[in-house]
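Contents: one structure, followed by commentary.
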Amino acid sequence: MQLIIQHLSKTYPNGVKALDDVSLTIPMGMYGLLGQNGAGKSTLMRTLATLQDADRGTAMLDDLDILNQKEAVRRVLGYLPQEFGVYPKVSATDLLDHFIVLKGITNGRERKELVEALLQRVNLYEHRKKAVSSYSGGMKQRFGIAQALIGNPKLIIVDEPTAGLDPGERNRFYNLLSEIGENVIVILSTHIVQDVMELCNNMAIIHQGRVLYSGSPMASVVELKGKIWEKSIAKSDLPTYQQQYNVISSKLVAGKPLVHIYSESTPGESTPGDLDPGEGFVSAQPDLEDVFFSTIQADTLVTR
Ligand code: ADP
């Protein structure tokens with residue numbers, strides 16, 4: 001099974017081009033869609049979840065035409081939206097049962113068994129009698145996964161699932177997602193690099209509605225080897241460095257900015273057309289954050 005998206009485009013009535021000729025091949029397993037806020041992730045997710053239409057393009061889940069066979073798609077789809085909406089003051093058991101009925105399972109005994117199995121699976125069984133509205137952010141997201149798993153979906157879409165979770169909740173959520181199984185396609189959209197790093201064997205970087213990279217996170221990191229340099233600098237020097245070098249990120253380490261710059265030349269030996277990192281930079285082990293920021297920055301420089 002694979003999901004093949006070709007030339008998907010969407011412009012909103014206000015003129016915002018949220019998807020610009022998006023083509024992706026998504027295999028089974030966990031797939032990360034990485035992009036900053038406003039990149040177009042939710043638009044893509046909602047389109048694949050049959051909740052809105054594209055202007056152009058196709059999306060095929062094997063033989064299933066996602067954009068035109070919506071009812072059939074919904075039978076094999078599990079969706080955890082970015083905003084789940086307002087939870088009524090009903091227990092997890094009752095709310096999950098309600099979703100199960102909506103999914104077309106009406107047999108009472110079957111429903112009861114499914115409610116219990118799903119709540120066990122997401123580790124909420126002992127909290128099953130509590131109102132979902134009283135759950136913590138992490139518990140709500142786990143409940144969201146339980147409802148997305150109803151009916152053994154083949155395509156599971158989770159939109160920004162870890163935003164707002166504390167590190168402990170995020171870890172529990174990672175563990176849950178990683179247990180979903182390899183025989184389904186799980187697309188996870190996120191602006192958090194760590195989500196993709198920990199969970200996904202394939203990914204795409206999306207920026208301003210366009211796909212800038214698709215492939216394995218590991219391969220993307222390998223491609224950057226030898227091109228990332230770092231230096232700890234004084235805070236007041238940051239603007240100068242940003243002007244002089246191709247600074248792709250800066251984060252505070254013990255109160256001082258540690259800048260990462262992208263350069264294809266080595267310190268002291270300048271290559272024509274490239275920046276000389278100069279004295280004091282040391283070669284840094286690239287990570288997915290470097291990939292993400294350098295990819296987006298290169299695109300911004302081109303389109304500026
Ligand atoms: P992301 O999920 O990556 O944050 P979105 O798909 O929500 O991105 O948004 C992509 C772009 O489309 C943004 O510029 C956003 O403001 C715009 N957008 C999203 N939904 C609508 C809408 N219903 N009407 C107009 N513009 C929209």
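General remarks:
- Only lysines eight or more places from residue 17 in sequence, or on another chain, were considered; those with a Cα closer than 23 Å are 41.
- Of the GluC sites (Glu not before Pro) in segment 166-261, those whose Cβ has at most 11 other Cβ within 10 Å and which sit in DSSP loop: 179, 182
- Per residue, the convex hull around the alpha carbon atoms of the chain comes to 157 Å³.
- Modelled this way, with points 7 Å down the Cα-to-C-beta line, the labels at residue 254 and residue 131 are 5.0 nm from one another.
- Computed label-point distance, nm, for sites residue 266 and residue 63 using a 7 Å Cα→Cβ extension: 5.8
- Unit charges on C-beta of K, R, D, E only; dipole of the chain, Debye: 1200
- Overall Cα dimensions of segment 98-246 - principal axes, largest extent first, Å: 68, 31, 25
- Qualifying aspartates and glutamates (Cα of each under 20 Å from Cα of residue 129; at least 8 residues distant if same chain): 94, 97, 110, 113, 116
- Proxy reagent accessibility, fewest Cβ within 10 Å first, across 150, 206: 150, 206
- Sorted largest first, the spans of the alpha carbon positions of segment 1-106 along the three principal axes are 42, 32, 26 Å.
- Legend: ranking of residues 75, 121, 170 from fewest to most surrounding C-beta atoms inside 10 Å; resulting order 75, 121, 170.
Read-outs throughout are calculated quantities, based only on the coordinates presented, and are distinct from any laboratory measurement. Model, not experiment: these values are computed from the prediction. With ideal geometry, Cβ positions are generated from the backbone for all residues, glycine too; neighbour counts draw on all protein chains shown.
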